[in-house]
Every structure is written in structure tokens, then in C-alpha cells.
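Peer 1: Have a look at this one before I ask anything.
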Amino acid sequence: MAISSPPRDQASPLPSRTVDRTADLRAGTVLRRRPFEVHLPRERGCSAIARRLVERHFSFELGARDLADLKLITTQLVDDAYHEVQEAIRLRLQCRGSRFRVEVLNGVAGAAAEITASAPAS
């Protein structure tokens, strides 16, 4: 007895698995992630792109004040990298517990900043 499978275009898709982490975030659990790295375009607006990436990557884990501080630091690091040399700029974001790290690498050197999230106000 041969088992035949349906043609590829009629195969049932795999069930989607969505994981709701909002309960973890409300409980104060900070999710650990691998570092996120992206090449930024060498253009005047590269610091704005970097700020948006920081906001998208850390907005659920940082309060408004800490997020604003991290975006300001990121802007300064990316602007420095843009004006120093004509090399590619890479942005690396990482979260470890309550510590949030931003690294900006420009091919020749790099700079990094790290903040520790403030305790939530009660």
C-alpha cells in the first residue's frame, strides 16, 4: 500500500504558533534575545534610521525615559561614525536582563553604550 501526499500547492500549511509575551512583560520579565545587527546606509538620515530601530527593538522593555536616553546615545554614536570615516556603519542592539547595549561599528573602530533599565515607578 503506497501512501500518497497531496500536491504541494494543496498541502495544508503548518499551524501557526504565536506566543503571547505580554504577560511576561507585565510581570517585569525581560526577554533575552540574540544581538540584532543591521548595516545602516551611509546617508545623512542614518541616525534617524538607527533611532527607529532602537525604538522598535526595545520599546516594549524600556520605559519612555530610558528609551529616550538610549535613542539619544544612539544618535550621537551613529553621527560620530558617519562623520569619522567613509566606511560602512553597522548597528548592533542587545538586551541582557535589564541591561540594554547599543554598539556602532564603522569598519575601523567601534563605540558602545549600555544602560540599565530604571525600576518601574510604583
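Peer 1: Considering only the range 65-122, state which residues are touching a His at 6+ places or on another chain (Cβ under 6 Å) and over 18 Å from GLY45 (Cβ atoms).
Peer 2: Correct list: LEU93 only.
Peer 1: Name the single residue, out of those in the range 108-122 being touching a helix residue (DSSP H, G or I) at 6+ places or on another chain (Cβ under 9 Å) and assigned to a loop (DSSP other than H, G, I, E, B), that is nearest to GLU61 (Cα to Cα).
Peer 2: The qualifying residue nearest to GLU61 (Cα to Cα) is ALA117.
Peer 1: Can you name every residue in the range 45-68 that is crowded, with 17+ Cβ neighbours inside 10 Å and polar (S, T, N, Q)?
Peer 2: Within the range 45-68, SER47 is the sole residue that qualifies.
Peer 1: Which numbered condition trips up TYR82, out of (1) within 12 Å of the chain's Cα centre (by Cα); (2) among the aromatic types (Phe, Trp, Tyr); (3) more than 21 Å from ARG34 (Cβ to Cβ)?
Peer 2: Looking at each condition in turn, TYR82 falls short on (1).
Peer 1: Another question, then. Determine, yes or no, whether GLU61 is assigned to a strand (DSSP E or B) and at pLDDT below 90.
Peer 2: No.
Peer 1: Then there's this: Can you go through GLU87, GLU103 and tell me which one is surrounded by 12 or more Cβ atoms within 10 Å (Cβ to Cβ), in a loop (DSSP other than H, G, I, E, B), among the acidic types (Asp, Glu) and at pLDDT 80 or above?
Peer 2: GLU87
Peer 1: Separate question: Would you check which residues across the range 33-51 are over 15 Å from ASP80 (Cα atoms) and either charged (D, E, K, R) or touching a Pro at 6+ places or on another chain (Cβ under 9 Å) (or both) and list them?
Peer 2: Hits for the range 33-51 are ARG33, ARG34, GLU37.
The values are calculated or read from the model by the stated rules, or taken from the named source; none is laboratory data. Just so it is clear, the model here is predicted, and its values are computed rather than measured. With ideal geometry, Cβ positions are generated from the backbone for all residues, glycine too; neighbour counts draw on all protein chains shown.
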